[in-house]
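Step one of this worksheet: look at the structure below.
The values are calculated or read from the model by the stated rules, or taken from the named source; none is laboratory data. Computed from a predicted model, the values in this text were never measured in an experiment. Virtual Cβ from ideal backbone geometry, glycine too; neighbours counted across all protein chains shown.
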Amino acid sequence: MVAVLPEVAGQVFTVHWSLVSSDSAGAALFVLWPAPMNHDVCFRDAGFTDFADADEAWDANAEGLLSRLLAEMSTYGEPRLVSAALQQPQPWFRSLFRKPDVFSLRDQISLPIQWDQLPDCVVEFGESGVSLRTG
């Protein structure tokens, strides 16, 4: 399925989504991805071809999409990080005296999308069973 969002600075931003699986209890897993996207070998191998370099307009659309997604999912309950929190880098000597700060929830969600080497982020929304995984 595809949704085309309004253009920002002349760039079309398309959101694709697909049902991955569902079960008899009503649980469903969906995948969501934007297009165009930066080149990705896994997507290419799966047959996806809409690649382009991200620019400021793309970033603005992606931020808007994430904001809308979080707002909708938050209707199921307060978001809560359940995966290990990503910590902000600090000089080694500072770690002798204090624990590192963790990134904000929004950064926890965004960073694994941008860097494959980071572990997935999992956020649950209240006790609803609704969750978001990014990576």
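Some notes on this structure:
- Just one of (1) under 18 Å from residue 69 (Cβ atoms); (2) exposed (fewer than 13 other Cβ atoms within 10 Å of the Cβ); (3) touching an Asp or Glu at 6+ places or on another chain (Cβ under 8 Å) fails for residue 130. It is (2).
- For the range 42-56, the set of residues classified as over 18 Å from the mean Cα position of the chain (by Cα) and in a helix (DSSP H, G or I) consists of 44, 45, listed by residue number.
- Residue under evaluation residue 52, criteria (1) exposed (fewer than 11 other Cβ atoms within 10 Å of the Cβ); (2) without any contact (Cβ under 8 Å) to a residue 60 or more places away in the chain; (3) among the hydrophobic types (A, V, I, L, M, F, W, C), criterion not met: (1)
- Candidates 40, 120, filtered to the one that is exposed (fewer than 12 other Cβ atoms within 10 Å of the Cβ) and under 20 Å from residue 135 (Cβ atoms): 120
- Residue 125 being aromatic (Phe, Trp, Tyr) and over 23 Å from residue 30 (Cβ atoms): no
- The residues on offer are 13, 30, and the sole one that is surrounded by 15 or more Cβ atoms within 10 Å (Cβ to Cβ) and either more than 19 Å from the chain's Cα centre (by Cα) or touching a residue at least 12 places away in the same chain (Cβ under 8 Å) (or both) is 13.
- Flag if residue 57 is in the same structural domain as residue 41 (by TED's automatic domain parsing), surrounded by 15 or more Cβ atoms within 10 Å (Cβ to Cβ) and free of Cβ contacts under 8 Å to residues at least 60 places away in the same chain: yes
- Count of the range 87-110 residues which are of a type in the set (A, V, I, L, M) and modelled with pLDDT of 95 or more: 2
- For the range 57-79, the tally of residues that are more than 16 Å from residue 107 (Cα to Cα) and either modelled with pLDDT under 85 or within 15 Å of the chain's Cα centre (by Cα) (or both) stands at 6.
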